[in-house]
Amino acid sequence: MRPKPPKRRILPRLSSNRANRLRKLVVVGTATAGLAGFALAAAGPAMADPTFSYVMVGSDTIQDVMNAYAVSVSDGILASYNAVNPVTVGTHELITPAHNGTGGNQNNCSFARPNGSTEGFDALDASVNTSTTLVPPAPGPQPGCIDISRSSSGPGSIASSGPGSLSSTGNLIYIPFAVDAVTGANGPTTAGQTTTIKTPSGSQTITVPVTNITTADAFTLTDLKTLFASCANVTEGGVTYNPNTAGAGQQQIDLYVPQSGSGTLKFWASTLGFSATSLPGCLHQTIASGPAATEPVEEHDGTAYASDPNGYGPFSIAQWISQSNGHDDRRHTAILHSINGVAPMSGSALNASFPVLREVYNVMQFDHVVNTGDGKFDATLAGLFAGSTSKLCASPITIKSYGFGTLPNANLPDACGATTASLRVQQ
């Protein structure tokens, strides 16, 4: 029996051709139409996408809030593509944005869906800089097909890993808009829970084992550095955790990190002091045991912890809150833990004093959003993202409803919409 369609808001009157395209995208799956914008989560090239002025790809940490923002701005302005296909969980499938912005290839955009902050950055750069040395997933984008990359890691992280360099005159700028925090997660403490996990190999419903990592709330940042960076044992609450092969009287802990190119991987690595490009031997990017064994680890997805009772790894607090609010819930019973004795949440909101905070960003061309004296300046794009009075910075309800905190934050350097020289990157 076909499920009842969700209640829909009244849309502005559209031409019959455009209305048909919108209906088709909704039918394809998880693309969302609202009063004004559109968030494109479904994979192309099953059918032609509607035409938009600006196309956004990259980080899955902030994809849900940016999808919602795309819906909130005027019709035909902003398209936001998920990091992976939300129906199949497939990576790098072709997407076919129809782009009508300056320099866009309205009938010639077809490229692999970028998965994560780094791939989003690489794809943006390849789209605006035909001589780039960066290599986005193949096939790469045509010139002018991408305007914005979502990023959960900052310009320092990108520069330190090689794709660019910090430069006060750089051609690209990271514009912060919200606060996130990252903590450790593992499986549930309550037996008998079930969940349906979705992987590239298919879906299956499993009974989730109770976690064996029983004293994770006692972990300190020093403990986590010892585990993740040094692959050495840590004892907390009378339990000795061994991230290699546990001996007698020890508890095995399987340390998970997300896919290469993930902004969360880079942030977690920089926080704990290990290389994101040459991982310590005890870290896993595929699931070590259980019904999802050998499947890749995707960030902010609890599949690894639902499959492996020894699993532990980073999870965005904002994403966990967002998912608990019903936005693309893929926690799969994963629970969050304190670090240094500080709880990840204050009530039902992100704890703005958590010890592992970060800003999250949208990356675009500096000349398009800041340099008003440049012939490339785009007042519409700047009005969406740049400055404290931008439409995004003026949307705290949307930002908070997706689990993020608002800027400024006393523990972070930037205001919402900041465009200071320290946020620029040259590539």
Degrees separating the helix 16-28 axis from the principal Cα axis of the chain, which is the longest one: 10
Exposed trypsin sites (Lys or Arg not before Pro) absent - longest run of the chain, DSSP non-H/G/I/E/B, at most 10 other C-beta within 10 Å: 14-427
Ranked list, fewest to most other Cβ atoms within 10 Å of each Cβ, for SER275, SER131, SER322: SER131, SER275, SER322
Among SER201, SER401, SER151: highest mean-square fluctuation, GNM of the chain, C-alpha pairs under 10 Å: SER201
Under 5 Å, built H, 5+ apart or other chain: amide partners of THR286: VAL297
Rounded, prolate or oblate (a/c below 1.5 giving rounded, otherwise prolate when a/b exceeds b/c) for region 185-258 by Cα gyration tensor: prolate
Compactness of region 181-350 as Cα Rg over 2.2 N^0.38 Å, two decimals: 0.95
Label-to-label distance, nm, for residues given as THR214 and THR189 (7 Å Cα→Cβ offset): 1.1
Placed amide H near CYS416: partners under 5 Å, 5+ positions off or other chain: LEU407
Using alpha-carbon coordinates, inclination of helix 263-272 to the longest axis of the chain, degrees: 40
Charge dipole (debye, nearest 20) of region 181-350; +1 at Cβ of Lys and Arg, -1 at Cβ of Asp and Glu: 100
On Cα atoms only, tilt of 117-128 relative to the major axis of the chain in degrees: 20
Fluctuation leader among CYS231, CYS416, CYS145 - the chain, Gaussian network, Cα springs under 10 angstrom: CYS231
Per residue Cα convex hull volume in Å³ - calculated over the chain: 143
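How much length would be gained if the chain were fully extended between ALA248 and SER401, taking 0.36 nm per residue of separation minus their Cα-Cα distance, in nm to one decimal?
50.5 nm
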Mean-position separation - Cα centroids, region 344-370 and region 233-250, in angstrom: 34
Residues with amide H under 5 Å from that of ALA98, placed H, sequence gap 5 or more: ASP49, PHE52
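Just need the relative contact order of region 159-280 here, percent rounded to a whole number, with Cα pairs under 8 Å and 6+ apart.
It comes to 15 percent, rounded to a whole number.
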Cross-link reach list, aspartates and glutamates versus LYS376, counting only Cα pairs under 20 Å and skipping chain neighbours closer than eight places: ASP125, ASP147, ASP367
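Bear in mind that the values in this text are calculations on the coordinates, not laboratory data. If you're wondering where the values come from, they're calculated on a predicted model, not measured in any experiment. Cβ atoms come from the backbone with ideal geometry, glycine included; neighbour counts cover every protein chain shown.
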